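Novice: First, the structure itself, so that you have it in front of you.
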Amino acid sequence: MNFDLTEERQMLQDSLRRFLRDKYDTATRNKILESDTGFSGDIWNGLAELGVIGALFTEDQGGFGGAGFDIAVVFEELGRAGVVEPFLDTAILGGGLIADLGNEDQQAHVEELIGGALQVAFAHGEPTSRYDLNQVTSTAKVDGDNVVLNGRKAVVVNAENADMLIVSARESGEAGDENGISLFLVPADTKGITLQGYALLAGGRAAEVTLDDVTVPASARLGEAGKAFKAIEARVAAANVAICAETLGAMETATRLTREYLMTRKQFGKPIGTFQALAHRMSDLLIEMEQARSAVIVAAGNLEAEYKARETHISAAKNLLGRAGRLVAEDSIQMHGGIAMTQEYELAHIAKRIIMADHRFGDTDHHLERFIALAAA
Amino acid sequence: MDLSYSDEEKAFRAEVRAFLEEKLPKEMSDKIRKGEELGKDGQEQWHAILNAQGWLAPNWPKKFGGAEWNAVQRHIFEEEAAAAYAPRIVPFGLSMLAPVLQKFGSQEQNDYWLPRLLAGEDWWCQGYSEPGAGSDLASLKTEAVLNDEGTHYIVNGQKTWTTLGQHANMIFCLVRTDKTVKQQEGISFLLIDMETPGVEVRPIILLDGTHEVNEVWFSDVKVPVENLVGKENEGWTYAKYLLTHERTNIAGVGFSQAGLTAVKRIARAEMSGGKPLMQNPHFAARVAQVEIDLMAMSTTNLRIVSKAAAGAAPGVESSMLKVKGTIIRQEINDLARRAAGAYAMPFASEAIEGSNLALPDPLNAGPVAAQYFNNRKLSIFGGSNEIQRQIIAKTTMGGGA
Ligand SMILES: Cc1cc2nc3c(=O)[nH]c(=O)nc-3n(C[C@H](O)[C@H](O)[C@H](O)COP(=O)(O)OP(=O)(O)OC[C@H]3O[C@@H](n4cnc5c(N)ncnc54)[C@H](O)[C@@H]3O)c2cc1C
Ligand SMILES: Cc1cc2nc3c(=O)[nH]c(=O)nc-3n(C[C@H](O)[C@H](O)[C@H](O)COP(=O)(O)OP(=O)(O)OC[C@H]3O[C@@H](n4cnc5c(N)ncnc54)[C@H](O)[C@@H]3O)c2cc1C
């Protein structure tokens, strides 16, 4: 076995880390957080030029990576710096679905996206779907050469910045069925789309998306009618590898900040790290960090594996990162005392990233249940 | 032992409930239920309503204008108030400073400050912590020097984490009056008018976007010598007395009960696998476990406060209540955020203010994640949970802990 990164990935990691260290300090990021758009175009373009988006696509798709380990390397660094820009939504989810299912015309968007010129969002979740990917109630009705979309999509991250939405809707069957779900590539300015946008607690923005007789040509469909579910599941698996890796990176920052603080903050005449009550907890955090790293490595390495192995490792990682992440975020705040509760201190943002990652594509509990179900299947 | 409430206690509960139904303004309870901030005006309005009823100071003796409720009555009130989504009483003046004044203050101080407290004429905040003096409170540096005439102290230094200091006109402070003796022996307890020249309040924004705490700076602030409580250099004793009062309030059984109700409300509306989340055995088990803990906690709380009411000063028990009470509350906050699923993600203050946005979800679950983050403070302030555990260990095993 070999746990080392390939030379290319090592280079990507180094350059990305350097870029973010120079260009994405706490003050810069906090300004981005407060901005109306919730992200920085300069950072986006800079990272696109660096090849960050390209690394998330395979060579066939116009990129130079696209494997689980490429995703893990990129997102661990994004997480380490607490980046709020919507790489997950544009590249892994939206862009990934276009690349996986799109015809030749549609594929052209991937190239634009890799260059940084195009932003997309994945409009899939609904107010009552929670984390179940098959609970789609939005409808798609064929009307001659057109398709008419109706429904409501919940907490669509990056919807306001997106040039196009990748919308899931049901052409047949009922909520809960895997069959019957299709995906459509819908320009964001199409008539009948209403966005109600808001900032997210951990940075970035999302919107409630209402689809009211949104009419698109049938050629806007991605892939075969009613057969999108497996592709959605595979992309969400990739997204979960990304989220887990990002959380791991954020956990590394949290533990680094905490370790440094324990060694410098003095109370009762000595560094607080000399109090065993804190020293042992710090040790536990470091143990959990190693566990988290292993879970991410295994999940990333199984992203290209067959269904059951892939999903089992994804759910295992999401559950473990959810638990270890909560421990690291909460204990890091606690061991800092009041200072960690302030908005402008780095840890506050990092802790929010860690905790809120649990709310995307299945939390600790959801993936525990999924793990059990997969094992029984 | 009798575990059921007596007839008088039941009658008292009915009285409290009727009062809340009649006098608690609906727009106020709506705000609390949704996790919105009440603001200074709302808080003062609620204090006035309670004062008109004679219930603003439940823990004060009758001779000072308090309700002089026993522990069980206070517990019943807390439960009913939380269940009705009544605002919490701002504790700094009424339940923290007042007991100190009543025990250690002069006649003049009691005659002057206590009626003003009831009438809502002063808003007090607590100036204990400093940047370098958190858990190690006794290392505080803010200095007070008596002028040559002996009429005024001149105060210089900085306090921090001052909760709601932006609303306050008065701050009670621990200040250093003797640098030559052991740390604890050179501290005094001073009442400072925040409108005095040289006092500056600077906001600190917390991680959930709220402005709840402040820095308070003092440069050459003149404080009349009459504002010294008790004796010079004996402030540490008063400070510790105050802290045990602060801690008993932190158990927060009523808040936990209200929080649990909210978790269930969200989980009944939120769907998972086509069924309400509350029917999901895994989630239901988590809720049940914390509910069991809370039921025992509620009784622990009653046992400890009734013992204290019988005369014993709450010591190590108040530390136990603080640790367990905060763990339970934080666990409930965690469950609430999980219950809300993806709808926990919106930034609360935007969702709360609702100015440009009808809440994105049908459940008013918007602020749950913000509350989860904000309530990380529960295990940090009022003496952190590590410090409380240290106190418990020291008390039960002696100095070696
Ligand atoms: C089943 C079994 C098999 C064993 N086999 C062998 C063997 O083959 N050969 C051999 O040489 N020994 C063996 N041991 C002994 C074993 O190494 C000791 O039990 C161990 O080192 C702990 O010592 P102790 O039992 O005296 O506990 P103590 O050292 O008295 O410790 C008691 C408790 O205090 C804690 N503690 C002690 N110091 C600190 C500190 N500074 N900070 C925080 N906590 C502290 C300990 O963690 C423990 O919880 C065996 C023990 C067991 C139980
Ligand atoms: C939201 C909020 C509101 C507050 N409101 C007020 C207020 O109104 N007035 C006021 O005066 N203060 C207030 N405080 C301050 C609060 O009391 C302090 O934050 C608290 O005492 C901890 O101090 P610190 O933040 O400096 O942490 P530190 O004392 O630096 O502690 C850092 C960590 O070290 C641990 N630690 C320290 N010493 C030991 C030890 N000996 N053994 C083991 N662990 C140890 C702590 O538990 C903590 O985990 C507030 C704080 C917050 C966060």
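The values are calculated or read from the model by the stated rules, or taken from the named source; none is laboratory data. Nothing here was measured: the structure is a model prediction, and the numbers come from that model. All Cβ positions, glycine included, derive from the backbone under ideal geometry; neighbour counts span all protein chains shown. Heads up: the accessible areas ignore ligands, DNA and RNA and are worked out on the full protein's heavy atoms, side chains in. Shrake-Rupley method; radii C 1.70, N 1.55, O 1.52, S 1.80 Å.
Novice: Examine region A:192-201 for a residue that is of a type in the set (A, V, I, L, M) and either within 16 Å of ligand 2 (Cβ to nearest atom) or farther than 21 Å from A:His349 by Cα (or both), and state whether such a residue exists.
Specialist: Scanning region A:192-201, I find at least one residue that is of a type in the set (A, V, I, L, M) and either within 16 Å of ligand 2 (Cβ to nearest atom) or farther than 21 Å from A:His349 by Cα (or both), so the answer is yes.
Novice: Within region A:364-377, can you find the residues that are open to solvent by 50 Å² or more (accessible area, probe 1.4 Å) and facing chain B (nearest Cβ under 8 Å)?
Specialist: Those that are open to solvent by 50 Å² or more (accessible area, probe 1.4 Å) and facing chain B (nearest Cβ under 8 Å): A:Leu368, A:Glu369.
Novice: Also: Test B:Leu114 against the stated conditions and say whether it is within 14 Å of ligand 2 (Cβ to nearest atom) and crowded, with 17+ Cβ neighbours inside 10 Å.
Specialist: Against the criterion (within 14 Å of ligand 2 (Cβ to nearest atom) and crowded, with 17+ Cβ neighbours inside 10 Å), B:Leu114 does not qualify.
Novice: Which residues, counting only those in region B:145-174, are within 16 Å of ligand 2 (Cβ to nearest atom) and part of a strand (DSSP E or B)?
Specialist: Correct list: B:Val155, B:Gly157, B:Gln158, B:Lys159, B:Met170, B:Ile171, B:Phe172, B:Cys173, B:Leu174.
Novice: Anything in region A:181-219 that is crowded, with 21+ Cβ neighbours inside 10 Å, more than 13 Å from every other protein chain (Cβ to nearest Cβ) and not β-branched (Val, Ile, Thr)? List them, or say none.
Specialist: A:Ser182, A:Leu183, A:Phe184, A:Leu185, A:Leu211
Novice: Have a look at B:Phe104, B:Phe92 and point out the one that is more than 14 Å from chain A (Cβ to nearest Cβ) and either within 13 Å of ligand 2 (Cβ to nearest atom) or buried (at least 20 other Cβ atoms within 10 Å of the Cβ) (or both).
Specialist: Testing whether each residue is more than 14 Å from chain A (Cβ to nearest Cβ) and either within 13 Å of ligand 2 (Cβ to nearest atom) or buried (at least 20 other Cβ atoms within 10 Å of the Cβ) (or both) leaves just B:Phe92.
Novice: So, one more: Sort through B:Pro197, B:Pro203 and tell me the only one that's assigned to a loop (DSSP other than H, G, I, E, B) and over 28 Å from B:Glu317 (Cα atoms).
Specialist: The conditions single out B:Pro197.
Novice: Cβ-Cβ under 8 Å, sequence separation 6+ or interchain: first residue in region B:380-394 and at the interface with chain A (Cβ under 9 Å from one of its Cβ atoms) and more than 6 Å from ligand 2 (Cβ to nearest atom), partner open to solvent by less than 40 Å² (accessible area, probe 1.4 Å) and of a type in the set (A, V, I, L, M). Which pairs?
Specialist: Going by the 8 Å Cβ cut-off, the qualifying pairs are B:Asn385/B:Val323; B:Arg389/B:Val323.
Novice: Continuing with this model, one more query. May I ask you to verify whether A:Met251 is in contact with a strand residue (DSSP E or B) (Cβ under 7 Å, 6 or more places away or on another chain), at pLDDT 95 or above and either open to solvent by less than 20 Å² (accessible area, probe 1.4 Å) or part of a helix (DSSP H, G or I) (or both)?
Specialist: no
Novice: Tally time: how many residues in region A:1-43 are more than 20 Å from A:Ala245 (Cβ to Cβ), open to solvent by less than 30 Å² (accessible area, probe 1.4 Å) and modelled with pLDDT of 95 or more?
Specialist: Number of matching residues: 2.
Novice: Being open to solvent by less than 10 Å² (accessible area, probe 1.4 Å), out of contact with any strand residue (DSSP E or B) (no Cβ under 7 Å at 6 or more places or on another chain) and of a type outside the set (Gly, Ala, Ser) is the filter here; which residues of region A:337-348 pass it?
Specialist: Matches in region A:337-348: A:Leu347 only.
Novice: Which one is most open to solvent (accessible area, probe 1.4 Å) among residues in region B:119-135 that are within 9 Å of chain A (Cβ to nearest Cβ) and near ligand 2 (Cβ under 6 Å from one of its atoms)?
Specialist: B:Ser135
Novice: Which of the numbered conditions does B:Glu350 fail, given that it passes all the others? Conditions: (1) modelled with pLDDT of 80 or more; (2) in contact with a strand residue (DSSP E or B) (Cβ under 8 Å, 6 or more places away or on another chain); (3) of a type in the set (Asp, Glu).
Specialist: It is condition (1) that B:Glu350 fails.
Novice: Continuing with this model, one more query. Can you pull out the residues in region B:71-89 that are among the small types (Gly, Ala, Ser) and open to solvent by less than 40 Å² (accessible area, probe 1.4 Å)?
Specialist: Of everything in region B:71-89, those that are among the small types (Gly, Ala, Ser) and open to solvent by less than 40 Å² (accessible area, probe 1.4 Å) turn out to be B:Ala71, B:Ala81, B:Ala82, B:Ala84, B:Ala86.
Novice: Also, I was wondering about something else. Looking at region A:117-133 only, could you name the residues that are over 17 Å from A:Asp363 (Cβ atoms) and surrounded by fewer than 19 Cβ atoms within 10 Å (Cβ to Cβ)?
Specialist: A:Ala117
Novice: Taking the conditions exactly as written (in contact with a strand residue (DSSP E or B) (Cβ under 6 Å, 6 or more places away or on another chain) and not in a helix (DSSP H, G or I)), does B:Tyr85 satisfy them or not?
Specialist: For B:Tyr85, the condition - in contact with a strand residue (DSSP E or B) (Cβ under 6 Å, 6 or more places away or on another chain) and not in a helix (DSSP H, G or I) - is not met.
Novice: Does region A:350-363 hold any residues that are touching a residue at least 12 places away in the same chain (Cβ under 8 Å) and within 8 Å of chain B (Cβ to nearest Cβ), and which are they?
Specialist: A:Ala351, A:Lys352, A:Ile355, A:Met356, A:Asp358, A:Arg360, A:Asp363
Novice: Contact list please: Cβ distance under 9 Å, first residue in region B:227-240 and among the basic types (Lys, Arg), second residue buried (at least 21 other Cβ atoms within 10 Å of the Cβ), pairs at least six apart or on different chains.
Specialist: B:Lys231/B:Ser188
Novice: Is there any pair with a first residue in region A:366-377 that is touching a residue at least 60 places away in the same chain (Cβ under 8 Å) and a second that is open to solvent by 50 Å² or more (accessible area, probe 1.4 Å) whose Cβ atoms are under 7 Å apart and which are 6 or more apart or on different chains, and what are they?
Specialist: Listed by first residue and then by second, the contacts come to A:Leu374/A:Lys308.
Novice: Within region A:301-347, track down each residue that is over 21 Å from B:Arg337 (Cβ atoms), of a type in the set (Lys, Arg) and within 14 Å of chain B (Cβ to nearest Cβ).
Specialist: none
Novice: Tell me, yes or no, whether region A:274-288 has at least one residue that is away from chain B (no Cβ under 14 Å), away from ligand 2 (no atom under 16 Å from the Cβ), part of a helix (DSSP H, G or I) and under 18 Å from the mean Cα position of the chain (by Cα).
Specialist: Among the residues of region A:274-288, not one is away from chain B (no Cβ under 14 Å), away from ligand 2 (no atom under 16 Å from the Cβ), part of a helix (DSSP H, G or I) and under 18 Å from the mean Cα position of the chain (by Cα), which makes the answer no.
Novice: Further question on the same structure: Considering (1) assigned to a loop (DSSP other than H, G, I, E, B); (2) open to solvent by 10 Å² or more (accessible area, probe 1.4 Å); (3) within 13 Å of ligand 2 (Cβ to nearest atom), say which one B:Asp178 fails and leave the rest.
Specialist: With respect to (1) assigned to a loop (DSSP other than H, G, I, E, B); (2) open to solvent by 10 Å² or more (accessible area, probe 1.4 Å); (3) within 13 Å of ligand 2 (Cβ to nearest atom), B:Asp178 is out only on (3).
Novice: Considering B:Thr326, B:Thr261, which residue is under 30 Å from B:Pro61 (Cα atoms), under 22 Å from the mean Cα position of the chain (by Cα) and modelled with pLDDT of 90 or more?
Specialist: Sole residue among the options that is under 30 Å from B:Pro61 (Cα atoms), under 22 Å from the mean Cα position of the chain (by Cα) and modelled with pLDDT of 90 or more: B:Thr326.
Novice: Only one of B:Ala48, B:Ala84, B:Ala11, B:Ala18 is touching a residue at least 24 places away in the same chain (Cβ under 8 Å), out of contact with any Phe, Trp or Tyr (no Cβ under 6 Å at 6 or more places or on another chain) and more than 29 Å from B:Met170 (Cβ to Cβ). Can you tell me which?
Specialist: Step by step, each of B:Ala48, B:Ala84, B:Ala11, B:Ala18 is checked, and only B:Ala84 is touching a residue at least 24 places away in the same chain (Cβ under 8 Å), out of contact with any Phe, Trp or Tyr (no Cβ under 6 Å at 6 or more places or on another chain) and more than 29 Å from B:Met170 (Cβ to Cβ).
Novice: Looking only at region A:304-334, count every residue that is within 16 Å of ligand 2 (Cβ to nearest atom), surrounded by 24 or more Cβ atoms within 10 Å (Cβ to Cβ) and not polar (S, T, N, Q) and tell me the total.
Specialist: Count: 3.
Novice: Looking only at region B:195-230, how many residues end up being open to solvent by less than 20 Å² (accessible area, probe 1.4 Å) and either farther than 30 Å from B:Pro367 by Cβ or away from ligand 2 (no atom under 14 Å from the Cβ) (or both)?
Specialist: Final tally of qualifying residues: 4.
Novice: A further question on this structure: Kindly establish whether A:Glu233 is over 19 Å from the mean Cα position of the chain (by Cα) and of a type in the set (D, E, K, R).
Specialist: Against the criterion (over 19 Å from the mean Cα position of the chain (by Cα) and of a type in the set (D, E, K, R)), A:Glu233 does not qualify.
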